[in-house]
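Any read-out appearing in this document is the output of simple, stated calculations on the displayed coordinates, not a laboratory observation. Please read all numbers here as calculations on a predicted model, not as lab measurements. Here the Cβ is made from the backbone with ideal geometry for all residues, glycine too, and neighbour counts use every protein chain on show.
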């Protein structure tokens, strides 16, 4: 006699903290996979959507600062900004995926509001 587990409402049948943690851990790709992987769990959907917005915003800022530094030859002035962006990215990445693996919902300031606006209908 086998015991069947009830179906989970998370992508690929993962626990919600694992699915949310993987969404943050693998950035945009992890967010897209968890968002499209099925499931109706709001915690996982939020983590996946916020991961997409967070890392898309980070990449756009990174490119903008790099282009400005290169085009205007302002490396000495923008280098500290570039380094702060790198450290901020690392801190945000660690904070989001560790909190998600601990089953804690994270709302990154500014990015959280942007996520709610972009994914308004999907997060309901």
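Does anyone have the angle between helix 75-101 and the longest principal axis of the chain? Alpha-carbon axes, 0 to 90°, nearest 10?
In the chain, helix 75-101 runs at an angle near 10 degrees to the longest axis.
How would you rank 45, 116, going from fewest to most other Cβ atoms within 10 Å of each one's own Cβ?
Listed from fewest to most nearby Cβ atoms, that is 116, 45.
Report the full-extension gain for the segment residue 118 to residue 84: residue separation times 0.36 nm, less the Cα-Cα distance, to one decimal in nm.
9.6 nm
Simple spin-label model, 7 Å along Cα-to-Cβ: residue 59 to residue 95 in nm?
Taking the two extended label points, one gets 2.2 nm.
Please give the helix 42-71 orientation as an angle from the longest Cα principal axis of the chain, in degrees from 0 to 90, rounded to the nearest 10.
The two axes meet at around 20 degrees.
If you rank 57, 40, 96, 10 by fewest surrounding Cβ atoms within 10 Å, what's the result?
Exposure proxy ranking, most exposed first: 40, 57, 10, 96.
Using only the Cα atoms of the chain, what are the Rg and Dmax in Å?
Taking only Cα atoms of the chain, I get Rg and Dmax of 17.3, 72 Å.
Using 0.36 nm per residue, how much length does the chain from residue 28 to residue 74 gain when fully extended, once their Cα-Cα distance is taken away?
13.6 nm
Run the numbers on region 11-117 and let me know its relative contact order in percent, using alpha-carbon pairs under 8 Å that are six or more apart.
This gives 33 percent for region 11-117.
Tell me the angle of helix 16-25 to the major Cα principal axis of the chain, expressed in degrees between 0 and 90 and rounded to the nearest ten.
Its long axis makes an angle of about 20 degrees.
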